[in-house]
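Encoded as structure tokens, the structure appears first; notes follow it.
Nothing in this text is a laboratory measurement; each read-out follows from the coordinates by a stated rule. The structure displayed is predicted, hence computed values, not measured ones. Methodologically, a virtual Cβ is constructed for each residue, glycine included, from the backbone with ideal geometry; neighbour enumeration extends over all protein chains shown.
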Amino acid sequence: MILVFGSLNMDLVVRVPALPRPGETVLCDDYVTVPGGKGNNQAVAAARAGAEVMMVGCVGDDEFGRRLLHNLRDSGVITTAVAVSDRPTGVAYICVDSHGENSIVVASGANLDVHISSVPESMLGFGAATVLMQMEVPLEENWALIRHAHEDGARIVLNVAPAQAVPRSVLTLVDVLVVNELEAAPTARALGLRAANPPDLATALAKAGHLTCVITLGADGAVAARGDELWTVGGMTIRPVDTTGAGDAFTGILAAALDADRPLPDALHRAAVGAGLTCLELGAQKSMPSAAAIESNLTRIPKPRRVNQTAAGAGTRRH
């Protein structure tokens, strides 16, 4: 089972001809409200990919919160550990341009009240749980859960999104670190690491934390480093409608595959395919694929390729 400890937002999405520049007002025809938040998105992605998932988070006592809970249940996610706050449900304001690129502002709201005390103790025992978390809830709660989950033998998957510093003492307790190409460099710099490109960064972060590091590269796929292994997987050739949620789909599907004890290359392959499929409709969750859809589209991306880590990591240095 996967326990997702993270954020729940309602996304207000608008389609615009171009993303607004500072001081610019852009008019558009309409907007839609769709469930979002990195924790929420990743929970739904993992559940649709076939995993048993429990969400731990917080919503407000309002219509947005009730809609989010209903959507999670409809997606097969267990919601008994979602608390209700006096704060309003979190909201994300998302502009999507004609190329499918986006600009996002998040008002955290009830996500600021997410607490480790909401995690059922039974979820972490005997190494049976995969714990998946991001960076949209109070970080001290993340760190506390990582320490506790590590002691209980759970697999820990940390998505450093949005990018914020991760203490080295916490990083070494993580099993799988997921960052995108923009988040990788600041995450590494905060640890005193420098590298020139994604393979170098993945290698440096993997060695620093003694973990598996996955760096997502948008349309170019992903790279992953683990021990003496370095893997690359490409992206799906598509015409994107909306890239919102693609990274969350990748992470949730990756976690689902690892929770099912699939090998890392297989997990990367499924995650890359699922992320590509997610870009084909508007909204973060609407087009997140089922396990059957992922399976039937695996041939659209070549299987991950193992590359020479020594050559790819040349130039990585630690300060």
Inset, instruction - Fewest Cβ neighbours within 10 Å first, please rank 69, 139 accordingly. - result: 139, 69
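May I ask for the net charge around residue 18, where only other residues with Cβ less than 14 Å from the Cβ of residue 18 are counted and Lys, Arg are +1 while Asp, Glu are -1? All intermediate terms of the calculation are to be shown ahead of the outcome.
On the way: positive: 15, 21; negative: 24, 97, 101.
Combined, the nearby Lys, Arg, Asp and Glu give -1.
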Inset, instruction - Taking every Cα atom in the chain, find the radius of gyration and the maximum pairwise distance Dmax, and write them in Å. - result: 18.5, 54
Inset, instruction - Throw me the Rg/Rh for segment 192-319, computed over C-alpha atoms with Kirkwood Rh, two decimals. - result: 0.99
Legend entry - Charge context of residue 293, other residues only, Cβ under 14 angstrom, K/R +1, D/E -1: +2
Legend entry - Where labels lie 7 Å past Cα in the beta-carbon direction, separation of residue 182 and residue 86 in nm: 3.5 nm
Legend entry - Where only alpha carbons of segment 119-271 are counted, the Rg and the Dmax (Å): 14.8, 44
Legend entry - Among 110, 23, 196 the positive-end extreme of the charge dipole of the chain (Cβ point charges): 196
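At 0.36 nm per residue, and after removing the present C-alpha to C-alpha distance, how many nm does the segment from residue 189 to residue 293 gain when stretched out fully?
33.6 nm is the gain from fully extending residue 189 to residue 293.
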Legend entry - Sorted by Cβ density within 10 Å, fewest first, the residues 223, 82, 214: 82, 223, 214
Legend entry - Compactness relative to 2.2 N^0.38 Å, alpha carbon Rg of segment 90-146: 1.53
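Normalised radius of gyration for segment 255-300, please: alpha carbon Rg relative to 2.2 N^0.38 Å, two decimal places. Display every interim value, and only then the final one.
Numbers: Rg = 10.6 Å, N = 46, 2.2 N^0.38 = 9.4 Å.
The value comes to 1.13.
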Legend entry - Partner lysines for residue 207 [C-alpha distance under 25 Å; skip if fewer than 8 residues away on the same chain]: 303
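Going by C-beta contacts inside 10 Å, put 232, 25, 216 in order with the fewest on the left.
Working: 232 21, 25 5, 216 30.
Listed from fewest to most nearby Cβ atoms, that is 25, 232, 216.
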Legend entry - P(r) tail fraction, segment 43-167 - alpha-carbon pairs more than 22 Å apart, %: 40 percent
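Taking 1 over the mean of 1/r across every pair of different Cα atoms in segment 1-88, what Kirkwood radius in Å do you get? Display every interim value, and only then the final one.
Details: mean 1/r = 0.0707 Å⁻¹.
That comes to 14.2 Å for segment 1-88.
Set the Förster radius R0 to 35 Å, insert the Cβ-Cβ distance between residue 307 and residue 33 as r into 1/(1 + (r/R0)^6), and round the FRET efficiency to 0.05.
The value I calculate is 0.25.
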